[in-house]
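**Student:** To start, I am sharing the structure in question, which I have written as structure tokens.
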Amino acid sequence: MFTSRTCWGLIIGSAAYAYCIFFYTTWLPTYLTAHRGFSLAQMGFFASLPLFAGMAGDVVGGLLSDRIMRRTGRIGLARKAVVIPAFLLAAATLIPAAVTDDRYLSVLLLAASLFFMELMTGPWWAVPSDVAGEHAGTLAGTMNTASNIAGTISPLAFGYLAQAGLWTAPFVISAVVLVIGAVAWAVLVHPEIPLAINA
């Protein structure tokens, strides 16, 4: 499995996604209160908006990939045409979310970024089944391991930078990580080519 370019593209992409998504599950409330000045009550509402946007992205991404598959019959296109632009759009909305002076616009841009991050999850979690057959669980587990390693690093890095007063830096780093994920998917992932796995 580890001789496959697709496997490594999925590992890198999963790690890139998780590095960025863990901000929303760990630091978003603190970011909104400590840096953006929302009260606790306000934070409860505004912190939920990106999560609802992410749920919508989950559904839309799967529907969009399925629609492309039905229309073209090209499994590689059905996956990559959703995942790669989603990586790039998530990156493109993340930096403005960090640098704008308008805290409400910041929340909307964070919601947009999470929408695009989640847009890719349905199509890419389909790829283990596309390429690995009965070994799909092994490939998916490997992707999940990479995700959780990256997800462990992300909150530590954000906390260190936030403590230093560098509130924008984590978002710039995350945007770069998302672009790396897009490149990995564009260059390495080939959902139309089955993995040759000897069990």
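**Student:** When all protein chains stay in place, what accessible area (Å², nearest 10, 1.4 Å probe) is found for residue 176?
**Tutor:** Here the residue's solvent-accessible area equals roughly 80 Å².
**Student:** Suppose the Debye formula is applied to equal point scatterers at every Cα of the chain; what is log10 I(q)/I(0) at q = 0.08, 0.13 Å⁻¹?
**Tutor:** The Cα Debye sum returns log10 ratios of -0.27, -0.68.
**Student:** Continuing with this model, one more query. Tell me, what is the percent relative contact order of the chain, built from C-alpha pairs under 8 Å that lie six or more residues apart?
**Tutor:** Working: 295 pairs, mean separation 81.1, N = 199.
Relative contact order for the chain comes out at 41 percent.
**Student:** Taking 0.36 nm per residue of sequence separation and subtracting the Cα-Cα distance, how much length would be gained by fully extending the chain between residue 66 and residue 5, in nm to one decimal?
**Tutor:** Numbers: separation 61, 0.36 × 61 = 21.96 nm, distance 2.38 nm.
Extra length available between residue 66 and residue 5 comes to 19.6 nm.
**Student:** Further question: When the solvent-accessible surface of protein heavy atoms is calculated with a 1.4 angstrom probe, in what order do 69, 55, 1 fall, highest first?
**Tutor:** Output order, biggest surface exposure first: 55, 69, 1.
**Student:** Shifting gears a bit: Once the piece of chain linking residue 166 and residue 33 is laid out straight, how much longer is it, given 0.36 nm per residue of separation minus the C-alpha distance between them? Can you show the working numbers first?
**Tutor:** Working: separation 133, 0.36 × 133 = 47.88 nm, distance 1.54 nm.
Contour length minus the Cα-Cα distance gives 46.3 nm.
**Student:** On to the next question. Take the solvent-accessible surface of the protein heavy atoms, probe 1.4 Å, and return the percent of it on region 82-174 that carbon and sulfur atoms account for. Provide the component values of the computation, followed by the final result.
**Tutor:** Numbers: 2570 of 3820 Å².
So the carbon and sulfur contribution to the accessible surface is 67 percent.
**Student:** Dipole of region 1-93, Cα-centred, from +1 at each Lys and Arg C-beta and -1 at each Asp and Glu C-beta, to the nearest 20 debye?
**Tutor:** Numbers: 8 positive and 2 negative charges, 91 e Å.
It works out to roughly 440 debye.
**Student:** What is the dipole size for the chain, taken about its Cα centre, with +1 at each Lys and Arg Cβ and -1 at each Asp and Glu Cβ, in debye to the nearest 20? Could you put the intermediate results ahead of the total?
**Tutor:** On the way: 9 positive and 8 negative charges, 55 e Å.
Once rounded to the nearest 20, the dipole reads 260 debye.
**Student:** With every protein chain present, what accessible area does residue 125 have (1.4 Å probe, heavy atoms only), rounded to the nearest 10 Å²?
**Tutor:** Counting only protein heavy atoms, the figure is 100 Å².
**Student:** Counting Lys and Arg as +1 and Asp and Glu as -1, what is the net charge of the other residues whose Cβ lies under 15 Å from the Cβ of residue 122?
**Tutor:** Details: positive: 67, 70, 79, 80; negative: 58, 66, 118, 130.
Result for the neighbourhood of residue 122: 0.
**Student:** Okay, next question. Could you give the distance between the Cα centres of region 19-48 and region 150-199, to the whole Å?
**Tutor:** 21 Å
**Student:** Under 5 Å between amide H atoms, partner at least 5 residues away or on a different chain: which partners does residue 195 have, H built in plane at 1.01 Å?
**Tutor:** HN-HN under 5 Å from residue 195: 132.
**Student:** Residue 108: accessible area at probe 1.4 Å, nearest 10 Å²?
**Tutor:** Residue 108 has an accessible surface of roughly 110 Å² with all protein chains in place.
**Student:** For the pair residue 42 and residue 144, how long in nm is the line joining their label points, each one 7 Å along Cα→Cβ?
**Tutor:** Using points 7 Å along Cα→Cβ, the separation is 3.9 nm.
**Student:** Could you give the Stokes-Einstein D for region 30-148 in µm² per second, using the C-alpha Kirkwood radius, 20 °C, 1.002 mPa s?
**Tutor:** It diffuses with D of about 137 µm²/s by this estimate.
The values are calculated or read from the model by the stated rules, or taken from the named source; none is laboratory data. All of these numbers come straight from a predicted model, not from anything done at the bench. Positions of Cβ are generated from backbone atoms using ideal geometry, with glycine treated the same way; all protein chains shown enter the neighbour counts. The protein model used for the area step is the full one, side chains on, heavy atoms only, and it has no ligands, DNA or RNA in it. Shrake-Rupley method; radii C 1.70, N 1.55, O 1.52, S 1.80 Å.
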